[in-house]
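> I have a structure here, written as C-alpha cells, and I will follow up with some questions on it.
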Amino acid sequence: MSARNDHCHRLPGHTKPLAAGAHTHANRAFSAAGTYTVTFRVSGTLAATGATVSTDATYTFKVLP
C-alpha cells in the first residue's frame, strides 16, 4: 500500500515549504482499501523571537474500495 501527495511523491518524510500566510491545499491518494494512520509535523520560525516551534497531528483515514 502506498500514499501519494499531489505536490511531492517522496512520502514518507518529505517536506513542503509554505510561505507565511499562504492558503494551501494538499491532497492524498491511496492505492488500496484499508485504514491508514498518517502523522504530520508542522514547524515554523516565530517572527518576533526567531524561535523554532513545531507540533505533530495524527489523522486516520479509512479508504473504501
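What follows draws every value from the coordinates through simple rules; no lab data is involved. Here the structure is a predicted model, which means the values were calculated and not measured. Every residue, glycine as well, gets a Cβ built from its backbone with ideal geometry; the counts of neighbours run over all protein chains shown.
> Sorting Lys62, Lys16 on the 10 Å Cβ count, fewest up front, what's the list?
Lys62, Lys16
> Show me the ranking of peptides 45-56, 28-39 by mean Cβ neighbours inside 10 Å, starting with the highest.
Going by the mean number of other Cβ atoms within 10 Å, highest first, we get 28-39, 45-56.
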